[in-house]
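Structure first, commentary second.
The values are calculated or read from the model by the stated rules, or taken from the named source; none is laboratory data. Please read these numbers as outputs of a predicted model, since none were measured by experiment. Cβ coordinates were reconstructed from backbone atoms using ideal geometry, including for glycine residues, and neighbour counts include every protein chain displayed. To get the accessible areas, we keep the full protein, side chains included, count just its heavy atoms, and leave off ligands, DNA and RNA. Shrake-Rupley method; radii C 1.70, N 1.55, O 1.52, S 1.80 Å.
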Amino acid sequence: MSELFGHEPFWVVALKALLIFVILVLYTLFNIWFERRVVARMQHRIGPNVHGPFGLLQSLADGVKLALKEDLFPAAADKVVFVLAPIIATIPAFMAWAVIPFGPEARIPFTDVMTPLQLTDLPVAVLYILAITSIGVYGIVLAGWSSNSTYALLGGMRSSAQMISYEVAMGLSFVAVFIYAGSMSTSEIVAAQEDMWFFLPLLPSFLIYVVAMVGETNRAPFDLPEAEGELVGGFHTEYSSLKFALFFLAEYVNMVTVSALATTLFLGGWRAPFGIAQIWPGANEGYWPVMWFLGKTLVFIFFFIWLRGTLPRMRYDQFMSFGWKVLIPLSLAWIVVVCVVRRLKADGMLNQDLLIWGAVAAGAVFLLTFLVPERKKAVPQHHDEGADVGYPVPKGWEG
């Protein structure tokens, strides 16, 4: 962890906070356009291509139009909580980026000031991210409750159960990373991946996190709180105008947040992909690491979009059963395996190659479990003894 954290001038901290906010807003506008173009290509459509180059300004136009629409309040709503709910959902999504590292130390242009490309860092930075992002569920629950609508309340309750369930699996997937890195600091976790990214030796943790992050962000096929078919519009049924836009701003920022966290913990953070740093010594210096970092997060964003354009929505009982009966037990078992392996490695009984192959084999077994068909119990059919079990026919036609 850099010694500059906590000792920088106020203007440097304010500048970095402003840049993070601007990057997230612009990234959100880009992701909306990117999602519409990718899904359109999957469905053999064109997508937005009129406003701006390649249609890039379509998201900005839609956002301005949505913000200027009429703002409606339900007559029986709790107006104070109704207004605060989207704000509570949005602010934690931005605050989580305070400890995300974009790159190493770099010089601020036109000055002689050196600063880490990270707002700040903490010894328990990953726990801070988990704590701050979990506050967002209150915004969704309060939105459903304050609307005084049955459908919105059901959507909010579904969301609280879903996010709490998958946060448990997500948090357990981080334990193996903490054991390997020996720290909960995001910058130190990135430094620990200098020789090898953690997604290789900790492949099961990486796969569990990828599934959990989709459920945590309420994205398809886990977008049950926004299930239009079952719950009209979910927790935001009664919202309009700017408050409606804030919920989707929070959703898209959360997508980038979990993608950035996956990049930081499992894909080497801001470090250049394999082979580039060996050919180009300056790949991990200056502001180039910011490009590698954003490029890795974009891969996860494409994964989110790919799922949305491919998979149908799951049934709620299947979704909750998968989280509690599959992901959490697998996470606990994997933590035990990692602890045993680390102990054997410390005693000199395991080498690095055997460890990597063991992790790959465990990941392959995990993927094969998805191919095992679910056993369905036969439903017994009870009939009265001697009764006719054929098709019903009109009276008098039995013969």
Select, from 350, 332, 344, the only residue that is among the aliphatic types (A, V, I, L, M), open to solvent by 40 Å² or more (accessible area, probe 1.4 Å) and either in contact with an Asp or Glu (Cβ under 9 Å, 6 or more places away or on another chain) or outside any helix (DSSP H, G or I) (or both).
-> 350
Does residue 102 qualify as being assigned to a helix (DSSP H, G or I), touching a helix residue (DSSP H, G or I) at 6+ places or on another chain (Cβ under 8 Å) and either crowded, with 20+ Cβ neighbours inside 10 Å or small (Gly, Ala, Ser) (or both)?
-> no
Hey, does segment 60-82 have a residue that's within 30 Å of residue 186 (Cβ to Cβ), out of contact with any strand residue (DSSP E or B) (no Cβ under 6 Å at 6 or more places or on another chain) and part of a loop (DSSP other than H, G, I, E, B)?
-> no
Which listed residue, of 211, 177, is of a type in the set (Val, Ile, Thr), open to solvent by less than 20 Å² (accessible area, probe 1.4 Å) and either assigned to a helix (DSSP H, G or I) or touching a Ser or Thr at 6+ places or on another chain (Cβ under 6 Å) (or both) | 177
State which residue is most open to solvent (accessible area, probe 1.4 Å) when the search covers only segment 42-54 and only residues that are over 26 Å from the mean Cα position of the chain (by Cα) and not aromatic (Phe, Trp, Tyr).
-> 44
Considering each residue of segment 26-62, count those that are among the hydrophobic types (A, V, I, L, M, F, W, C) and in contact (Cβ under 8 Å) with a residue 24 or more places away in the chain, and give that number.
-> 10
Which of the following residues is open to solvent by less than 40 Å² (accessible area, probe 1.4 Å) and small (Gly, Ala, Ser): 93, 61, 75, 17?
-> 93
Scan the helices (runs of 4 or more DSSP H) fully inside segment 231-314 and keep the ones with 2 or more residues being over 16 Å from residue 104 (Cβ atoms) and not polar (S, T, N, Q).
-> 241-266, 288-310
When residue 149 is evaluated against the numbered criteria (1) more than 30 Å from residue 336 (Cα to Cα); (2) among the small types (Gly, Ala, Ser); (3) at pLDDT 85 or above; (4) open to solvent by 10 Å² or more (accessible area, probe 1.4 Å), which criterion, by number, is the only one it fails?
-> (3)
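Per-residue answers, yes or no, for (1) in a helix (DSSP H, G or I); (2) under 20 Å from the mean Cα position of the chain (by Cα):
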| site | (1), (2) |
| --- | --- |
| 90 | yes, yes |
| 98 | yes, yes |
| 130 | yes, yes |
| 139 | yes, yes |
| 153 | yes, no |
| 169 | yes, yes |
| 183 | no, no |
| 196 | no, no |
| 204 | yes, yes |
Give the residues of segment 259-307 that are open to solvent by 20 Å² or more (accessible area, probe 1.4 Å), among the aliphatic types (A, V, I, L, M) and touching a helix residue (DSSP H, G or I) at 6+ places or on another chain (Cβ under 7 Å), sorted by residue number.
-> 267, 276, 277, 307
Under 6 Å between Cβ atoms, at least 6 apart or on separate chains: pull out the pairs that start in segment 121-142 with a residue that is under 28 Å from residue 80 (Cα atoms) and touching a residue at least 12 places away in the same chain (Cβ under 8 Å) and end on any residue that is open to solvent by 20 Å² or more (accessible area, probe 1.4 Å) and β-branched (Val, Ile, Thr).
-> 138/88; 139/88; 142/81
Can you give me the number of residues within segment 245-258 that are open to solvent by 10 Å² or more (accessible area, probe 1.4 Å) and closer than 20 Å to residue 171 by Cα?
-> 3
All-but-one check, residue 297 against (1) over 30 Å from residue 20 (Cβ atoms); (2) modelled with pLDDT of 90 or more; (3) among the polar types (S, T, N, Q), failing number (1)
Mind checking which residues of segment 171-192 are touching a residue at least 60 places away in the same chain (Cβ under 8 Å) and within 21 Å of residue 98 (Cβ to Cβ)?
-> 174, 177, 183, 184, 185, 186, 187, 188, 189, 190
Go through the residues of segment 196-207 one by one and say whether even a single one is among the hydroxyl-bearing types (Ser, Thr, Tyr) and modelled with pLDDT of 85 or more.
-> yes
